[in-house]
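Read through the structure below, which is laid out as structure tokens, and then see the notes.
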Amino acid sequence: MDTTCDICHHTTATGRYLCEACAYRVRAWLAGLPAQAVLLQRLLAPAVGPAQRGGSGRAHSPLPVDLRVLDLLGAGHAVPLEDPHGDQTGGVPVGALLTGWAHYIADDILPTVYFDERGALRRVGPASACPRSGDIAGWATWLVRYLPHTVTRPYAAELYEQLQELVARIERLTHTRPRRRLRQAPCPDCSAFALMEQETELHITCDACGHRLTPDEYTAHRDQVMPALTALALRMITPRTTAA
Ligand SMILES: [Zn+2]
Ligand SMILES: [Zn+2]
């Protein structure tokens, strides 16, 4: 069975279409959507004051809302798979995209039939796309819960790409970027002090050469190299005592 990630082409566990790092990103995007929706709601507040009568003659008052924001928060139809190779994401609102995918995935989880200990025929599932709350947070949580199933299905990359596109559209409007933090230790591959941690990424990645480390690998590497580097730095900044 193929063990190559459909998105980044790194190795996946058997039977997965997304690797651990790409699945991590999907989870982080979904988890970040409720906060992004709050920022979008704030952007919906009228950008201009009330139109002034008898002013200097503007024919129409400016639109009080940013239509791109309205587009993201409004109702609409999600078309996740009718045109898998087309560009269907443009204009699909957040809520419609999430509910569309949740229903699609729920329908894809086949019911299982089995005999119980008394020999009676039992059925399990299918799953129902029914989150605790019907808002963006509820649907995003549902999709995160079923992500372990989703990554085993051929459409996982399609969900990835649509979420990536959605999050990019939102970030352009809210002017937000995932938080990044420079880690202390130098890169084990190129020695540059350029190892960056980003909140949507599983790996700590070198900005200079692209080398990546899992958090555990980074901790082991840091514990190995930092004591000697710190001692060296201390020797360099401590003034030497000279004999009188
Ligand atoms: Zn991947
Ligand atoms: Zn490097």
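The values are calculated or read from the model by the stated rules, or taken from the named source; none is laboratory data. Keep in mind that this is a model prediction, so the values were computed, not measured. Using ideal geometry, Cβ is built from the backbone for each residue, glycine included, and neighbour counts are taken over all protein chains shown.
The numbered conditions (1) modelled with pLDDT of 75 or more; (2) within 18 Å of P34 (Cα to Cα) are all true for R118 except (2). Filtering R153, R172 for residues that are in contact (Cβ under 8 Å) with a residue 40 or more places away in the chain, of a type in the set (D, E, K, R) and not assigned by TED's automatic domain parsing to the domain that holds T219 leaves a single hit, R153.
When restricted to residues that are touching a Lys or Arg at 6+ places or on another chain (Cβ under 8 Å), at pLDDT below 95 and buried (at least 16 other Cβ atoms within 10 Å of the Cβ), segment 152-168 contains 0.
Restricted to segment 194-203, and to residues there that are at pLDDT 95 or above and away from ligand 1 (no atom under 16 Å from the Cβ), the residue that is nearest to A21 (Cα to Cα) is E197.
Return the residue satisfying two criteria in turn: it lies in segment 169-181 and is surrounded by fewer than 16 Cβ atoms within 10 Å (Cβ to Cβ) and in contact with an Asp or Glu (Cβ under 8 Å, 6 or more places away or on another chain), and of such residues it is nearest to E217 (Cα to Cα). Only one residue fits best here, namely R181.
Restricting attention to segment 1-18 and to residues that are modelled with pLDDT under 95 and touching an Asp or Glu at 6+ places or on another chain (Cβ under 8 Å), the residue that is nearest to ligand 1 (Cβ to nearest atom) turns out to be T12.
Yes or no, residue by residue, for (1) within 27 Å of C5 (Cα to Cα); (2) modelled with pLDDT under 85:
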{"position": "E20", "(1), (2)": "yes, no"}
{"position": "V26", "(1), (2)": "yes, no"}
{"position": "Q41", "(1), (2)": "no, no"}
{"position": "L70", "(1), (2)": "no, yes"}
{"position": "G76", "(1), (2)": "no, yes"}
{"position": "T89", "(1), (2)": "yes, yes"}
